[in-house]
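Quick notes on the structure that follows.
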Amino acid sequence: MRLFLPLSAFAALSVCLMLSSCAGGGRAGGGRAVTDDPAAESRRFPLVEVPGVIVDREEAAEYLGLHYWDSFTDTAEVHACDSMRVNGVTRSEVEQKFADYTGLIGALGRSRASRSAERLYDRAEAFERAHASSDLFETVVSLAQKYWYDPNSPLRDEELYLVFAERLALYDGFSEAKRDRYAHDAAMCSLNRPGDKAADFFFSDASGNVMNLYGIEAEYLILFFSNPGCEACAGMVRALDAEPVRRLVKEGRLAVVNIYIDEDVASWHSHLSDYPSIWYNGYDPNLVIRTDLLYNVRAIPSVYVLDGDKRVILKDATDAALTSFISGLLRTQSRR
């Protein structure tokens, strides 16, 4: 289950590039051996320097995203690695930098973000092969799982995690069982990817009428997987049923398909009044969505946004991404 804030409370994630400070960051000089000495001095996370010839802000952001981890993963720079530090940098700072990095590349667009994640993985693995006693590689993988794949992460992004999962499934430093787990993750991340046609399915409404996802016509569609009695789901219902979103539904621009995918249909029936009647409210009578892995619903609520052709725009959308989409839809509505 996920924590929920009303849509009005979401703030768009912003990343300050602070180009002027990047030039002064530099790398820590002089390599040191991996150590468990608690007295060893920590260093600050080495910031990437943007070349002076890059003056365009968008190009600078792309450069930062691509080279963000270069100094930290430089195989010639080996620093303290112990319970407090990863390659000389405190673990808390490394984690904060990973969160900042996720916000940065999230604003770059899909292809450039994926290219940045690929570079990070390749450099982290190269560091592991050069310095097996360091846990830099394990730390980066763990942070990728936490921020990109944990169902409760507000920064989750399965497309970014897929970059890691596909490579981890082939990594010869893992056991076959561990590689298989990452292969499973990769397969789940490959379901209903943004740009792909969403998997169709049949569902029943409270009157026993059967319909399918592809039979619903609207300019955009929000596919909302929920559970009866779920507090976070109730918050999502309030947000999606508030004006002016409700008006978009009434006008037919937006359809909300609210689906229950578990077996306690009696409980679902008892909570029908919790859902707006102008939505498509139904349940999966044959439990095929979960058992046949049509959708990778890892937490409730889970929201997908589809276009009129049922192509995925947002997969398991974060609160911020859903807010941004709806805000854009409302802006276009106001111009009509």
Item to check | Condition check for ASP262: surrounded by 21 or more Cβ atoms within 10 Å (Cβ to Cβ), among the acidic types (Asp, Glu) and outside the structural domain of GLY109 (by TED's automatic domain parsing) | outcome: no
Checklist entry - If we scan the stretch 108-129, do we find a residue that is touching a residue at least 12 places away in the same chain (Cβ under 8 Å) and in contact with a Lys or Arg (Cβ under 6 Å, 6 or more places away or on another chain)? => result yes
Next on the checklist: When you check GLY88 against the structure, is it surrounded by 15 or more Cβ atoms within 10 Å (Cβ to Cβ) and within 25 Å of ARG129 (Cβ to Cβ), yes or no?
Outcome noted: yes
Next on the checklist: Scan the stretch 298-319 and tell me whether some residue there is assigned to a loop (DSSP other than H, G, I, E, B), at pLDDT below 95, crowded, with 17+ Cβ neighbours inside 10 Å and of a type in the set (Ser, Thr, Tyr).
Outcome noted: yes
Next on the checklist: Any residue that is on the phi > 0 side of the Ramachandran plot, modelled with pLDDT of 95 or more and in contact with a strand residue (DSSP E or B) (Cβ under 8 Å, 6 or more places away or on another chain) - is there at least one of those in the stretch 243-255?
Outcome noted: no
Next on the checklist: Quick check on my filter: what residues within the stretch 66-122 are farther than 21 Å from LEU155 by Cβ and charged (D, E, K, R)?
Outcome noted: ASP70, ASP74, GLU77, ASP82, ARG85, ASP122
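Would a scan of the stretch 326-336 turn up a residue that is in contact with a strand residue (DSSP E or B) (Cβ under 9 Å, 6 or more places away or on another chain) and surrounded by fewer than 17 Cβ atoms within 10 Å (Cβ to Cβ)?
Going through the stretch 326-336, the residues in contact with a strand residue (DSSP E or B) (Cβ under 9 Å, 6 or more places away or on another chain) turn out to be 326, 329.
Going one step further and asking which of them are surrounded by fewer than 17 Cβ atoms within 10 Å (Cβ to Cβ), we end up with none.
The answer is no; no qualifying residue exists.
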Checklist outcome for this item: Considering only helices (runs of 4 or more DSSP H) wholly within the stretch 14-128, the ones with at least 3 residues that are modelled with pLDDT under 95 and more than 30 Å from VAL312 (Cα to Cα) are 19-22
Next on the checklist: Quick check on the stretch 130-145. Is at least one of its residues more than 20 Å from TYR63 (Cα to Cα), under 12 Å from the mean Cα position of the chain (by Cα) and either assigned to a helix (DSSP H, G or I) or of a type in the set (Val, Ile, Thr) (or both)?
Outcome noted: yes
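The values are calculated or read from the model by the stated rules, or taken from the named source; none is laboratory data. From a predicted model like this one, the values you see are computed outputs, not experimental measurements. Counting neighbours? That spans all protein chains shown, and the Cβs are built from the backbone with ideal geometry, glycine included.
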